[in-house]
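**Student:** Just dropping this structure here.
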Amino acid sequence: MVGIVGKPNTGKSTFFSAATLAPAEIGSYPFTTIKPNRGIGYVRTPCVCKEFNVKDNPVNSLCLDGIRLIPVELIDCAGLVPGAWQGRGLGNQFLDEVRKADALIHIIDASGGTDSEGRACKPGEHDPLEDVRFLEHEITMWLVNIMKRDWSKIARTAETESKDLLSMLEERLSGLSIKRSHIFEALRKTGLNAEKPTLWSEEDFIRFVDALRQIAKPMLIVANKIDIPTAEENLERLKELNYLVVPCCAEAELALRRAAEKKLIDYRPGDCNFKINKPEQLNESQRKALEKIREKILLKHGSTGVQEAINMAFFKLLGMITVYPVEDVEHLSDHKGRVLPDAYLVPYGTTARQLAYMIHSELGESFIYAVEAREKKRVGEDYVLKDRDVISIISAKKRA
(Lines give C-alpha, C1' and ligand atoms only; values in the text may rest on other atoms or scores of the structure.)
Protein backbone atom coordinates (compact mmCIF):
# COMPACT_ATOMS: atom_id res chain seq x y z
CA MET A 1 0.00 0.00 0.00
CA VAL A 2 1.19 3.52 -0.80
CA GLY A 3 0.27 6.55 1.31
CA ILE A 4 -0.44 9.98 -0.15
CA VAL A 5 0.88 12.56 2.30
CA GLY A 6 1.64 16.27 2.65
CA LYS A 7 0.43 19.44 4.29
CA PRO A 8 -3.16 20.66 3.76
CA ASN A 9 -4.33 22.31 0.54
CA THR A 10 -1.60 20.99 -1.77
CA GLY A 11 -3.93 18.88 -3.92
CA LYS A 12 -3.65 15.52 -2.14
CA SER A 13 -7.35 14.72 -2.36
CA THR A 14 -7.45 15.88 -5.98
CA PHE A 15 -4.51 13.55 -6.71
CA PHE A 16 -6.27 10.70 -4.90
CA SER A 17 -9.54 11.31 -6.76
CA ALA A 18 -7.74 11.48 -10.09
CA ALA A 19 -5.83 8.28 -9.35
CA THR A 20 -8.85 6.30 -8.17
CA LEU A 21 -11.93 8.16 -9.44
CA ALA A 22 -13.17 7.64 -5.90
CA PRO A 23 -15.17 10.45 -4.29
CA ALA A 24 -13.07 12.53 -1.91
CA GLU A 25 -13.97 15.90 -0.46
CA ILE A 26 -11.87 18.54 -2.20
CA GLY A 27 -11.60 22.09 -0.92
CA SER A 28 -9.19 25.02 -0.91
CA TYR A 29 -8.82 25.18 2.86
CA PRO A 30 -6.88 23.22 5.50
CA PHE A 31 -8.25 19.94 6.88
CA THR A 32 -10.76 19.30 4.12
CA THR A 33 -9.80 15.65 4.61
CA ILE A 34 -10.43 14.63 8.22
CA LYS A 35 -10.80 10.88 7.79
CA PRO A 36 -8.43 9.07 5.42
CA ASN A 37 -9.72 8.01 2.03
CA ARG A 38 -8.83 4.55 0.79
CA GLY A 39 -9.13 3.59 -2.83
CA ILE A 40 -7.80 1.53 -5.70
CA GLY A 41 -5.47 3.04 -8.26
CA TYR A 42 -3.57 1.23 -11.00
CA VAL A 43 0.00 0.77 -12.10
CA ARG A 44 0.45 0.87 -15.86
CA THR A 45 2.73 -1.58 -17.66
CA PRO A 46 2.96 -3.08 -21.16
CA CYS A 47 1.05 -6.38 -21.24
CA VAL A 48 2.76 -9.51 -22.61
CA CYS A 49 -0.28 -10.28 -24.78
CA LYS A 50 1.26 -8.41 -27.72
CA GLU A 51 4.55 -10.27 -27.41
CA PHE A 52 2.80 -13.66 -27.38
CA ASN A 53 0.29 -12.51 -30.00
CA VAL A 54 -2.75 -13.61 -27.99
CA LYS A 55 -6.07 -12.08 -26.99
CA ASP A 56 -6.04 -12.00 -23.23
CA ASN A 57 -8.95 -12.30 -20.78
CA PRO A 58 -7.88 -10.32 -17.68
CA VAL A 59 -9.54 -11.21 -14.38
CA ASN A 60 -7.62 -9.41 -11.61
CA SER A 61 -6.62 -6.42 -13.75
CA LEU A 62 -7.44 -4.58 -16.99
CA CYS A 63 -5.86 -4.67 -20.44
CA LEU A 64 -6.49 -1.71 -22.73
CA ASP A 65 -4.98 -2.27 -26.16
CA GLY A 66 -1.87 -3.92 -24.79
CA ILE A 67 -1.58 -1.76 -21.67
CA ARG A 68 -2.09 -3.75 -18.45
CA LEU A 69 -3.55 -1.80 -15.53
CA ILE A 70 -2.94 -3.63 -12.25
CA PRO A 71 -4.89 -2.54 -9.13
CA VAL A 72 -3.00 -1.19 -6.12
CA GLU A 73 -4.19 0.25 -2.82
CA LEU A 74 -3.76 3.96 -2.07
CA ILE A 75 -4.58 5.88 1.10
CA ASP A 76 -5.08 9.65 1.19
CA CYS A 77 -3.85 10.82 4.58
CA ALA A 78 -5.22 14.08 5.96
CA GLY A 79 -2.94 17.10 5.80
CA LEU A 80 -0.09 17.40 8.28
CA VAL A 81 1.01 20.66 9.89
CA PRO A 82 4.21 21.51 11.83
CA GLY A 83 4.08 19.79 15.22
CA ALA A 84 1.86 16.95 13.95
CA TRP A 85 4.09 14.38 15.68
CA GLN A 86 3.22 16.08 18.99
CA GLY A 87 -0.49 15.80 18.22
CA ARG A 88 -1.03 19.26 16.72
CA GLY A 89 -3.92 19.28 14.24
CA LEU A 90 -4.78 15.66 15.15
CA GLY A 91 -1.38 14.88 13.70
CA ASN A 92 -0.72 11.61 15.49
CA GLN A 93 -4.07 10.27 14.34
CA PHE A 94 -3.26 11.21 10.75
CA LEU A 95 0.25 9.77 10.92
CA ASP A 96 -1.11 6.51 12.29
CA GLU A 97 -3.07 6.08 9.07
CA VAL A 98 0.13 5.59 7.09
CA ARG A 99 1.73 3.11 9.49
CA LYS A 100 0.92 0.28 7.05
CA ALA A 101 2.20 2.20 4.01
CA ASP A 102 5.18 0.65 2.26
CA ALA A 103 6.03 3.90 0.43
CA LEU A 104 4.89 7.52 0.45
CA ILE A 105 3.89 9.93 -2.30
CA HIS A 106 4.49 13.44 -0.98
CA ILE A 107 2.23 15.98 -2.70
CA ILE A 108 3.82 19.44 -2.72
CA ASP A 109 2.42 22.73 -3.98
CA ALA A 110 5.33 23.45 -6.31
CA SER A 111 4.00 26.94 -7.03
CA GLY A 112 4.77 28.04 -3.47
CA GLY A 113 1.18 29.23 -3.13
CA THR A 114 0.43 27.47 0.16
CA ASP A 115 2.09 28.41 3.47
CA SER A 116 3.40 25.98 6.08
CA GLU A 117 -0.04 25.72 7.71
CA GLY A 118 -1.80 24.97 4.42
CA ARG A 119 -3.27 28.42 3.97
CA ALA A 120 -3.37 29.96 0.50
CA CYS A 121 -0.78 32.66 -0.17
CA LYS A 122 0.55 34.42 -3.24
CA PRO A 123 2.32 31.94 -5.58
CA GLY A 124 6.05 32.16 -4.98
CA GLU A 125 5.78 33.40 -1.38
CA HIS A 126 6.41 30.00 0.22
CA ASP A 127 9.47 27.82 -0.42
CA PRO A 128 8.29 24.24 -1.22
CA LEU A 129 11.68 22.84 -0.22
CA GLU A 130 10.71 23.67 3.37
CA ASP A 131 7.77 21.26 2.97
CA VAL A 132 10.14 18.40 2.19
CA ARG A 133 12.22 19.04 5.32
CA PHE A 134 9.08 19.51 7.40
CA LEU A 135 7.57 16.16 6.43
CA GLU A 136 10.85 14.31 6.94
CA HIS A 137 11.05 15.74 10.47
CA GLU A 138 7.41 15.00 11.31
CA ILE A 139 7.56 11.34 10.29
CA THR A 140 10.96 10.77 11.90
CA MET A 141 9.83 12.27 15.22
CA TRP A 142 6.58 10.29 15.07
CA LEU A 143 8.65 7.11 14.76
CA VAL A 144 10.99 8.30 17.53
CA ASN A 145 7.99 8.69 19.85
CA ILE A 146 6.78 5.18 19.08
CA MET A 147 10.18 3.52 19.49
CA LYS A 148 11.17 5.45 22.62
CA ARG A 149 8.36 3.95 24.69
CA ASP A 150 10.34 0.79 25.41
CA TRP A 151 13.73 1.53 23.84
CA SER A 152 15.60 1.49 27.18
CA LYS A 153 14.25 -1.96 27.99
CA ILE A 154 15.06 -3.29 24.52
CA ALA A 155 18.61 -1.87 24.65
CA ARG A 156 19.31 -3.30 28.12
CA THR A 157 17.88 -6.71 27.19
CA ALA A 158 19.98 -6.82 24.02
CA GLU A 159 23.14 -6.37 26.12
CA THR A 160 22.46 -8.14 29.43
CA GLU A 161 20.69 -11.17 27.95
CA SER A 162 22.65 -11.21 24.67
CA LYS A 163 19.44 -11.07 22.66
CA ASP A 164 19.39 -10.04 19.02
CA LEU A 165 18.57 -6.33 18.74
CA LEU A 166 17.30 -6.79 15.18
CA SER A 167 14.82 -9.49 16.22
CA MET A 168 13.46 -7.43 19.11
CA LEU A 169 13.06 -4.32 16.97
CA GLU A 170 11.48 -6.36 14.18
CA GLU A 171 8.85 -7.66 16.61
CA ARG A 172 8.30 -4.18 18.09
CA LEU A 173 7.89 -2.50 14.69
CA SER A 174 6.00 -5.20 12.77
CA GLY A 175 2.80 -3.13 12.86
CA LEU A 176 4.56 -0.33 10.97
CA SER A 177 5.50 -2.45 7.93
CA ILE A 178 9.14 -2.26 9.04
CA LYS A 179 11.12 -5.40 8.26
CA ARG A 180 14.30 -6.94 9.61
CA SER A 181 16.10 -6.03 6.39
CA HIS A 182 15.15 -2.36 6.90
CA ILE A 183 16.55 -2.38 10.44
CA PHE A 184 19.75 -4.11 9.33
CA GLU A 185 20.30 -1.56 6.56
CA ALA A 186 19.66 1.37 8.94
CA LEU A 187 22.29 0.00 11.33
CA ARG A 188 24.75 -0.46 8.48
CA LYS A 189 24.07 3.03 7.13
CA THR A 190 24.55 4.74 10.51
CA GLY A 191 27.46 2.55 11.62
CA LEU A 192 26.01 2.18 15.12
CA ASN A 193 26.98 -0.75 17.35
CA ALA A 194 24.02 -3.17 17.58
CA GLU A 195 25.72 -5.02 20.44
CA LYS A 196 25.99 -1.92 22.65
CA PRO A 197 22.75 0.04 22.09
CA THR A 198 22.80 1.43 25.68
CA LEU A 199 25.82 3.48 24.63
CA TRP A 200 23.89 5.25 21.89
CA SER A 201 23.36 8.93 22.53
CA GLU A 202 20.03 10.68 21.96
CA GLU A 203 21.48 12.02 18.72
CA ASP A 204 22.54 8.48 17.68
CA PHE A 205 19.04 7.17 18.35
CA ILE A 206 17.35 9.88 16.28
CA ARG A 207 19.91 9.39 13.50
CA PHE A 208 19.10 5.67 13.45
CA VAL A 209 15.34 6.29 13.36
CA ASP A 210 15.75 8.85 10.57
CA ALA A 211 17.74 6.33 8.51
CA LEU A 212 15.07 3.71 9.23
CA ARG A 213 12.36 6.09 7.99
CA GLN A 214 14.19 6.66 4.71
CA ILE A 215 14.61 2.93 4.14
CA ALA A 216 11.26 1.58 5.41
CA LYS A 217 9.06 4.44 4.16
CA PRO A 218 10.73 5.53 0.90
CA MET A 219 9.22 8.67 -0.56
CA LEU A 220 8.89 10.41 -3.89
CA ILE A 221 7.89 14.02 -4.45
CA VAL A 222 4.98 15.07 -6.62
CA ALA A 223 5.52 18.69 -7.68
CA ASN A 224 1.83 19.51 -8.04
CA LYS A 225 0.23 22.63 -9.57
CA ILE A 226 2.95 22.60 -12.22
CA ASP A 227 0.67 24.68 -14.48
CA ILE A 228 1.22 27.75 -12.27
CA PRO A 229 4.21 29.78 -13.60
CA THR A 230 6.10 29.96 -10.29
CA ALA A 231 6.24 26.16 -10.15
CA GLU A 232 8.80 25.80 -12.97
CA GLU A 233 11.76 27.26 -11.05
CA ASN A 234 10.80 25.38 -7.89
CA LEU A 235 10.62 22.11 -9.86
CA GLU A 236 14.29 22.44 -10.80
CA ARG A 237 15.21 23.16 -7.18
CA LEU A 238 13.23 20.15 -5.96
CA LYS A 239 15.08 17.94 -8.45
CA GLU A 240 18.33 18.82 -6.68
CA LEU A 241 17.14 16.99 -3.57
CA ASN A 242 17.84 13.29 -3.07
CA TYR A 243 14.36 12.22 -4.22
CA LEU A 244 12.52 11.13 -7.31
CA VAL A 245 10.48 14.17 -8.40
CA VAL A 246 7.46 14.08 -10.71
CA PRO A 247 5.98 17.28 -12.21
CA CYS A 248 2.20 17.02 -11.88
CA CYS A 249 -1.15 18.67 -12.41
CA ALA A 250 -3.66 16.55 -10.52
CA GLU A 251 -6.57 18.80 -11.54
CA ALA A 252 -5.81 18.15 -15.21
CA GLU A 253 -5.71 14.38 -14.67
CA LEU A 254 -9.02 14.45 -12.82
CA ALA A 255 -10.61 16.44 -15.66
CA LEU A 256 -9.27 14.04 -18.29
CA ARG A 257 -10.40 10.91 -16.44
CA ARG A 258 -13.88 12.28 -15.89
CA ALA A 259 -14.14 13.28 -19.55
CA ALA A 260 -12.97 9.80 -20.58
CA GLU A 261 -15.49 8.22 -18.20
CA LYS A 262 -18.24 10.12 -20.06
CA LYS A 263 -16.80 8.95 -23.42
CA LEU A 264 -16.13 12.55 -24.44
CA ILE A 265 -12.46 11.76 -25.06
CA ASP A 266 -10.22 8.75 -25.61
CA TYR A 267 -7.67 8.81 -22.80
CA ARG A 268 -5.86 6.17 -20.80
CA PRO A 269 -4.20 7.03 -17.47
CA GLY A 270 -0.64 8.10 -18.21
CA ASP A 271 -1.15 8.91 -21.90
CA CYS A 272 0.75 11.87 -23.34
CA ASN A 273 -2.26 13.02 -25.39
CA PHE A 274 -5.98 12.42 -25.90
CA LYS A 275 -8.53 12.40 -28.71
CA ILE A 276 -11.84 14.28 -28.55
CA ASN A 277 -14.65 11.92 -29.57
CA LYS A 278 -17.66 14.21 -29.78
CA PRO A 279 -16.65 17.87 -30.21
CA GLU A 280 -20.28 18.87 -30.60
CA GLN A 281 -21.01 17.78 -27.02
CA LEU A 282 -18.42 20.18 -25.61
CA ASN A 283 -19.09 23.85 -25.00
CA GLU A 284 -16.49 26.52 -25.76
CA SER A 285 -15.07 26.68 -22.24
CA GLN A 286 -14.71 22.87 -22.08
CA ARG A 287 -12.87 22.80 -25.42
CA LYS A 288 -10.55 25.57 -24.29
CA ALA A 289 -9.87 23.81 -20.99
CA LEU A 290 -8.99 20.55 -22.75
CA GLU A 291 -6.72 22.28 -25.25
CA LYS A 292 -4.98 24.10 -22.41
CA ILE A 293 -4.32 20.76 -20.70
CA ARG A 294 -2.97 19.36 -23.97
CA GLU A 295 -0.63 22.27 -24.68
CA LYS A 296 0.48 23.40 -21.22
CA ILE A 297 0.77 20.02 -19.52
CA LEU A 298 0.70 16.91 -21.74
CA LEU A 299 2.84 18.19 -24.60
CA LYS A 300 5.18 20.03 -22.23
CA HIS A 301 5.71 17.43 -19.52
CA GLY A 302 4.69 14.21 -21.29
CA SER A 303 1.83 13.43 -18.90
CA THR A 304 -0.15 14.94 -16.03
CA GLY A 305 2.21 13.12 -13.63
CA VAL A 306 -0.42 11.22 -11.64
CA GLN A 307 0.08 7.85 -13.31
CA GLU A 308 3.84 8.35 -13.49
CA ALA A 309 3.97 8.95 -9.73
CA ILE A 310 2.02 5.77 -8.96
CA ASN A 311 4.22 3.75 -11.31
CA MET A 312 7.40 5.16 -9.76
CA ALA A 313 6.17 4.43 -6.24
CA PHE A 314 5.64 0.73 -6.98
CA PHE A 315 8.28 0.01 -9.62
CA LYS A 316 11.16 2.23 -8.43
CA LEU A 317 10.66 2.89 -4.71
CA LEU A 318 9.36 -0.59 -3.90
CA GLY A 319 11.20 -2.46 -6.67
CA MET A 320 8.15 -4.39 -7.85
CA ILE A 321 8.02 -6.46 -11.03
CA THR A 322 5.07 -7.91 -12.97
CA VAL A 323 4.56 -11.66 -13.44
CA TYR A 324 1.76 -13.60 -15.12
CA PRO A 325 0.92 -16.97 -13.49
CA VAL A 326 -0.91 -19.44 -15.74
CA GLU A 327 -1.91 -23.11 -15.44
CA ASP A 328 -1.64 -24.21 -19.09
CA VAL A 329 1.75 -23.04 -20.35
CA GLU A 330 0.92 -23.98 -23.96
CA HIS A 331 -2.22 -21.84 -24.15
CA LEU A 332 -1.15 -19.34 -21.43
CA SER A 333 -4.47 -19.93 -19.70
CA ASP A 334 -6.07 -20.90 -16.40
CA HIS A 335 -8.29 -23.95 -15.83
CA LYS A 336 -11.26 -22.05 -17.32
CA GLY A 337 -9.38 -21.32 -20.52
CA ARG A 338 -8.92 -17.61 -19.78
CA VAL A 339 -5.72 -16.34 -21.40
CA LEU A 340 -3.27 -14.41 -19.18
CA PRO A 341 -5.98 -13.93 -16.56
CA ASP A 342 -3.84 -12.50 -13.77
CA ALA A 343 -0.97 -10.06 -13.43
CA TYR A 344 0.81 -10.04 -10.08
CA LEU A 345 3.02 -7.30 -8.66
CA VAL A 346 5.80 -8.97 -6.66
CA PRO A 347 9.01 -7.64 -5.11
CA TYR A 348 12.19 -8.02 -7.15
CA GLY A 349 13.93 -11.18 -5.94
CA THR A 350 10.74 -13.22 -5.50
CA THR A 351 11.25 -16.93 -6.21
CA ALA A 352 8.96 -19.38 -7.98
CA ARG A 353 7.94 -21.04 -4.71
CA GLN A 354 7.27 -17.69 -3.05
CA LEU A 355 4.96 -16.82 -5.95
CA ALA A 356 3.19 -20.13 -5.43
CA TYR A 357 2.56 -19.20 -1.79
CA MET A 358 1.23 -15.78 -2.87
CA ILE A 359 -1.30 -17.50 -5.13
CA HIS A 360 -2.38 -20.07 -2.52
CA SER A 361 -0.69 -21.58 0.53
CA GLU A 362 -1.45 -25.14 -0.64
CA LEU A 363 0.21 -24.42 -3.98
CA GLY A 364 3.35 -23.30 -2.16
CA GLU A 365 3.37 -26.29 0.17
CA SER A 366 2.93 -28.83 -2.64
CA PHE A 367 5.29 -27.05 -5.10
CA ILE A 368 7.29 -29.44 -7.35
CA TYR A 369 8.66 -27.17 -10.08
CA ALA A 370 7.61 -24.36 -12.40
CA VAL A 371 7.70 -23.84 -16.17
CA GLU A 372 8.83 -20.55 -17.70
CA ALA A 373 6.65 -19.96 -20.77
CA ARG A 374 9.02 -18.16 -23.13
CA GLU A 375 11.61 -20.91 -23.28
CA LYS A 376 9.28 -23.66 -22.08
CA LYS A 377 11.94 -24.62 -19.56
CA ARG A 378 11.51 -26.24 -16.17
CA VAL A 379 12.80 -24.20 -13.20
CA GLY A 380 13.14 -25.01 -9.52
CA GLU A 381 11.79 -23.44 -6.37
CA ASP A 382 14.74 -21.03 -6.09
CA TYR A 383 14.26 -19.62 -9.59
CA VAL A 384 14.23 -15.81 -9.26
CA LEU A 385 11.37 -14.35 -11.26
CA LYS A 386 12.11 -11.75 -13.91
CA ASP A 387 9.90 -8.84 -14.90
CA ARG A 388 7.16 -9.92 -17.35
CA ASP A 389 7.73 -13.64 -16.69
CA VAL A 390 4.83 -15.91 -17.63
CA ILE A 391 5.06 -18.93 -15.40
CA SER A 392 3.16 -22.11 -14.57
CA ILE A 393 3.43 -23.71 -11.12
CA ILE A 394 3.39 -27.50 -11.05
CA SER A 395 2.37 -28.91 -7.68
CA ALA A 396 1.74 -32.34 -6.21
CA LYS A 397 -1.94 -31.43 -5.81
CA LYS A 398 -2.25 -30.52 -9.51
CA ARG A 399 -0.61 -33.81 -10.54
CA ALA A 400 -2.93 -35.81 -8.35
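**Student:** Mind checking whether some residue in segment 161-178 is among the polar types (S, T, N, Q) and over 25 Å from the mean Cα position of the chain (by Cα)?
**Tutor:** yes
**Student:** So for segment 309-327 (the condition being among the basic types (Lys, Arg) and closer than 23 Å to residue 18 by Cα), does at least one residue qualify? Let's see the steps before the verdict.
**Tutor:** The initial filter retains those residues of segment 309-327 that are among the basic types (Lys, Arg), namely 316.
Next, only the ones that are closer than 23 Å to residue 18 by Cα stay: 316.
Within segment 309-327 (the criterion being among the basic types (Lys, Arg) and closer than 23 Å to residue 18 by Cα), the answer is yes, since at least one residue qualifies.
**Student:** If I ask for residues that are modelled with pLDDT under 90 and either assigned to a loop (DSSP other than H, G, I, E, B) or farther than 24 Å from residue 318 by Cα (or both), which ones from segment 165-180 would you list?
**Tutor:** 177
**Student:** May I pose another question? State whether one or more residues within segment 124-140 are farther than 30 Å from residue 109 by Cα and assigned to a helix (DSSP H, G or I).
**Tutor:** The answer is no, given that none of the residues of segment 124-140 is farther than 30 Å from residue 109 by Cα and assigned to a helix (DSSP H, G or I).
**Student:** What number of residues within segment 303-353 are within 30 Å of residue 223 (Cα to Cα), in a loop (DSSP other than H, G, I, E, B) and of a type in the set (Ser, Thr, Tyr)?
**Tutor:** Total satisfying the criteria: 3.
**Student:** Then there's this: Which one of these is in the same structural domain as residue 333 (by TED's automatic domain parsing) and surrounded by 14 or more Cβ atoms within 10 Å (Cβ to Cβ): 378, 353?
**Tutor:** Exactly one residue qualifies, and that residue is 353.
**Student:** Suppose we filter 302, 319 for residues that are closer than 21 Å to residue 70 by Cα and among the small types (Gly, Ala, Ser); which single one remains?
**Tutor:** Sole residue among the options that is closer than 21 Å to residue 70 by Cα and among the small types (Gly, Ala, Ser): 319.
**Student:** In addition: For segment 188-199, which residues satisfy the criterion of being assigned to a loop (DSSP other than H, G, I, E, B), free of Cβ contacts under 8 Å to residues at least 24 places away in the same chain and in contact with a helix residue (DSSP H, G or I) (Cβ under 8 Å, 6 or more places away or on another chain)?
**Tutor:** Within segment 188-199, 192, 193 qualify.
**Student:** Okay, moving on. Being assigned to a helix (DSSP H, G or I) and free of Cβ contacts under 8 Å to residues at least 24 places away in the same chain narrows it down to one of 159, 240, 185, 233, so name that one. Show your work before the answer.
**Tutor:** On the way: 159 fails: free of Cβ contacts under 8 Å to residues at least 24 places away in the same chain; 240 fails: assigned to a helix (DSSP H, G or I); 185 fails: free of Cβ contacts under 8 Å to residues at least 24 places away in the same chain.
Only one candidate qualifies: 233.
**Student:** Kindly indicate whether any position in segment 265-285 is in contact (Cβ under 8 Å) with a residue 60 or more places away in the chain and either of a type in the set (A, V, I, L, M) or surrounded by fewer than 20 Cβ atoms within 10 Å (Cβ to Cβ) (or both).
**Tutor:** The answer is yes; a qualifying residue exists.
**Student:** Taking segment 251-299, which residues are under 20 Å from residue 19 (Cβ atoms) and among the β-branched types (Val, Ile, Thr)?
**Tutor:** Residues satisfying the conditions are 265, 293, 297.
**Student:** I would also like to ask the following. Which residues, taken from segment 41-62, are closer than 15 Å to residue 73 by Cα and either part of a loop (DSSP other than H, G, I, E, B) or of a type outside the set (Val, Ile, Thr) (or both)?
**Tutor:** Answer for segment 41-62, where residues must be closer than 15 Å to residue 73 by Cα and either part of a loop (DSSP other than H, G, I, E, B) or of a type outside the set (Val, Ile, Thr) (or both): 41, 42, 44, 60, 61.
**Student:** Whether any residue in segment 133-141 is closer than 16 Å to residue 207 by Cβ, free of Cβ contacts under 8 Å to residues at least 60 places away in the same chain and touching a Leu at 6+ places or on another chain (Cβ under 9 Å) is what I want to check.
**Tutor:** There is no residue in segment 133-141 that is closer than 16 Å to residue 207 by Cβ, free of Cβ contacts under 8 Å to residues at least 60 places away in the same chain and touching a Leu at 6+ places or on another chain (Cβ under 9 Å).
**Student:** Then there is this: Out of 228, 265, I need the residue that is of a type in the set (Val, Ile, Thr) and over 12 Å from residue 297 (Cβ atoms). Which one?
**Tutor:** None of the other options fit; the residue is 265.
Matching residues to (1) among the acidic types (Asp, Glu); (2) free of Cβ contacts under 8 Å to residues at least 12 places away in the same chain; (3) more than 26 Å from residue 101 (Cα to Cα); (4) crowded, with 17+ Cβ neighbours inside 10 Å:
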| position | (1), (2), (3), (4) |
| --- | --- |
| 297 | no, no, yes, yes |
| 301 | no, no, yes, yes |
| 311 | no, no, no, yes |
| 322 | no, no, no, yes |
| 344 | no, no, no, yes |
| 359 | no, no, no, no |
| 363 | no, no, yes, yes |
| 374 | no, no, yes, no |
| 394 | no, no, yes, yes |
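The values are calculated or read from the model by the stated rules, or taken from the named source; none is laboratory data. Just so it is clear, the model here is predicted, and its values are computed rather than measured. Virtual Cβ from ideal backbone geometry, glycine too; neighbours counted across all protein chains shown.
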